[in-house]
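Here's the structure, in structure tokens; my notes come after.
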Amino acid sequence: MNLLRLLGRLGPGPLRRLVLYAAASALSSTLVLAIVNRAAERIAEDKADIVDVPMALAFVASVLVYMVVESRMVAHMASDVEEVVDELRMGLLDRIRRADLWKLERFGQTPLFESVTQSSQIISQNSQFLALTLRSVLLTGTILVYIATVSPTAFLLIGGLLGGGAWFYVRLGRALDERQGAMMAEEAVMFEGVSDLFDGFKEQRLNSARSQDLNATFGTVSARTTAARDQVHLHSWQQFVFGECAFNLMLGVVVFVVPTYSGTFAQEVVKVSAAVFFLATPVFGLMQSLAVTSAAEAAAGRMMDLEKQLAELAEPGSDGPGLPVPKDFAEWRMEGVEFAFPAPPGEPPFAVGPFDLTIRRGEVIFVTGGNGSGKSTFIKLLTGLYHPLRGRLTLDDAAIGPQRIAAYRELMATVFADFHLFARLYGLDPVDRVKAEDLMRWMEMERVTAVEGDRFGRRDLSMGQRKRLGLVAAILETKPILILDEWAADQDPHFRFKFYREVVPALKARGLTIVAVTHDDHYFDVADRRLHMEEGRLTELTVTEGAA
């Protein structure tokens, strides 16, 4: 089982403890059955009308042992599962954190979010049912052993019925799993339609044909989803009803079948009947647990499979000790750097490079070019987020290989076109409040929000304002290199002018090396150099060439 494999990551101790607790719970519960039957037998034999104190005390003790052992089993199981889920979740997050960007982009985010959040939650919520499943199995076994001591014939018949019922119940469960898979697939399509409605709300309101087609498609998918859910409910109840019928058949076997093969069974019918009634708890508990743990079992399998997949996404050198790079570098070079995106068979791949470029410390470089020309790919190669197929990066005479890539990236602060404004100013501990407040005033954001502790007070802002906060965070990092990708595109004319005429020169005066992707041809003269991208090729133009 995946859940047992998952629990085994903590070592043999938790599994051994689970088995011991489950066995103690099963034995104490069976002991309660034996004591009750024995007490009833004595009353029938002795015609006693007083309480058998020793037997009553044994009964109470058995019940107390069962309560303590059962409670501790579930509590320890929940604690162990939470520990191993946390260990696995942190391991997944660490692997994601160290993954190669290019491989991670191709892998996609959906399975990552699903495993890190939803799957771990499913396992945590249903962890106690693993303990109850094991307890139910052991309790069923101990009660069958007790029945065997009372009536071997009853044991063989009931055991055979239980074995056949379990086999058929598992088959019903597999059919139910298939129906659940079909239902989840239909629900995914339905959620896609809901996403289309919300994300494309303006477009569907402006096109009645699109709106009607969207509604009709959603209705069809909704009907299929409803039918799939009906099938799941039907198979779930069929499985449950079968379990109830199997239990009733066991009673029928005890009353109508066993006496045919055992002439002395009349004396033991009450004991066996009581034992069968005791079987109801573990049997129905097992039915419930199996139904619930199937989801947790699948979730555990997905998380462990993802762990193996993420291991293949690891960036070379991300786990080993790194080598330093010269922080006071004089030159930053790309030497014959090339990169190509995979393409379908028969189609040429989109390739960029070769890039042969030298950037001197303290320069302001503007990168221009049309959409799809390769600017963003060039920036990812320059920052080391993409690894070149050929060529290399160097700082002075230090080649940037796998051992130096982490230290190389530490020299850069960035605000990408699709940047993320973090909830906290991670990595800035403590935050220089005076410097932060000065930067907020410089970015004209002091009346909109403020730096509160280690975070911005508000983040529900326009993209232009969010990018200003992103620039504040980047400057607070005090890195020697600043990378900006289409930063000014979302600014109003006033602040765009301020950015180019005031902010960029001031940052250059502080000694920062700035590489900025831009389309603002009115301000090309602010740069020391202009690099132009076209169809993946880089050429250097004068700072006034092509300017309006």
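What the table shows:
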quantity: All positions within region 337-396 that are touching a residue at least 24 places away in the same chain (Cβ under 8 Å) and polar (S, T, N, Q); calculated: 358, 368, 373, 376, 377, 383, 394
quantity: Selection status of residue 68, of a type outside the set (Lys, Arg) and in contact with a helix residue (DSSP H, G or I) (Cβ under 6 Å, 6 or more places away or on another chain); calculated: no
quantity: Test for residue 368: is it closer than 17 Å to residue 535 by Cα and in a strand (DSSP E or B); calculated: yes
quantity: Conditions (1) modelled with pLDDT under 95; (2) surrounded by 12 or more Cβ atoms within 10 Å (Cβ to Cβ); (3) hydroxyl-bearing (Ser, Thr, Tyr); number of the one not met by residue 544; calculated: (2)
quantity: Region 476-509 - residue that is of a type in the set (Val, Ile, Thr) and at pLDDT 95 or above and, of those, farthest from residue 332 (Cα to Cα); calculated: 503
quantity: Lone qualifier among 325, 292 - being in contact (Cβ under 8 Å) with a residue 24 or more places away in the chain and either hydroxyl-bearing (Ser, Thr, Tyr) or crowded, with 19+ Cβ neighbours inside 10 Å (or both); calculated: 325
quantity: Subset tally (residues that are closer than 16 Å to residue 216 by Cα, out of contact with any helix residue (DSSP H, G or I) (no Cβ under 8 Å at 6 or more places or on another chain) and of a type in the set (Gly, Ala, Ser)) for region 177-199; calculated: 1
quantity: Qualifying residues in region 324-354 (those that are part of a loop (DSSP other than H, G, I, E, B) and under 22 Å from residue 482 (Cα atoms)) - the one farthest from the chain's Cα centre (by Cα); calculated: 330
quantity: Residue ranges of strands (runs of 3 or more DSSP E) in region 476-548 with at least 2 members without any contact (Cβ under 8 Å) to a residue 24 or more places away in the chain; calculated: 537-541
quantity: Residue match in region 14-28 (condition: in a helix (DSSP H, G or I), modelled with pLDDT under 85 and closer than 30 Å to residue 319 by Cα); calculated: yes
quantity: Of the criteria (1) part of a helix (DSSP H, G or I); (2) under 29 Å from the mean Cα position of the chain (by Cα), which one residue 459 fails; calculated: (1)
quantity: Positions within region 406-446 being in contact (Cβ under 8 Å) with a residue 24 or more places away in the chain and assigned to a helix (DSSP H, G or I), in sequence order; calculated: 406, 407, 408, 409, 435, 436, 439, 440, 442
quantity: Matching entry among 335, 347 (being surrounded by fewer than 17 Cβ atoms within 10 Å (Cβ to Cβ), assigned by TED's automatic domain parsing to the domain that holds residue 382, modelled with pLDDT under 85 and of a type in the set (D, E, K, R)); calculated: 347
quantity: Wholly enclosed helices (runs of 4 or more DSSP H) of region 125-205 bearing at least 2 residues under 34 Å from the mean Cα position of the chain (by Cα) and charged (D, E, K, R); calculated: 152-199, 201-205
quantity: Residue within region 398-405 that is basic (Lys, Arg), in contact with a strand residue (DSSP E or B) (Cβ under 7 Å, 6 or more places away or on another chain) and assigned to a loop (DSSP other than H, G, I, E, B) present; calculated: yes
quantity: Candidates 456, 422 - the one that is under 23 Å from residue 379 (Cβ atoms) and surrounded by 14 or more Cβ atoms within 10 Å (Cβ to Cβ); calculated: 422
quantity: Verdict on residue 369 being buried (at least 18 other Cβ atoms within 10 Å of the Cβ), of a type outside the set (Val, Ile, Thr) and on the phi > 0 side of the Ramachandran plot; calculated: yes
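Residues checked against (1) within 53 Å of the chain's Cα centre (by Cα); (2) at pLDDT below 85:
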residue	(1), (2)
43	no, yes
50	no, yes
53	no, yes
62	yes, no
67	yes, no
74	yes, yes
78	yes, yes
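For (1) in contact (Cβ under 8 Å) with a residue 12 or more places away in the chain; (2) of a type in the set (Asp, Glu); (3) surrounded by fewer than 14 Cβ atoms within 10 Å (Cβ to Cβ), each residue gets a yes or a no:
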{"position": "17", "(1), (2), (3)": "yes, no, no"}
{"position": "26", "(1), (2), (3)": "yes, no, no"}
{"position": "29", "(1), (2), (3)": "yes, no, no"}
{"position": "53", "(1), (2), (3)": "no, no, yes"}
{"position": "80", "(1), (2), (3)": "yes, yes, no"}
{"position": "83", "(1), (2), (3)": "yes, yes, no"}
{"position": "88", "(1), (2), (3)": "yes, no, no"}
{"position": "108", "(1), (2), (3)": "no, no, yes"}
{"position": "116", "(1), (2), (3)": "yes, no, no"}
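The values are calculated or read from the model by the stated rules, or taken from the named source; none is laboratory data. These figures come from a predicted structure and were not determined experimentally. Counting neighbours? That spans all protein chains shown, and the Cβs are built from the backbone with ideal geometry, glycine included.
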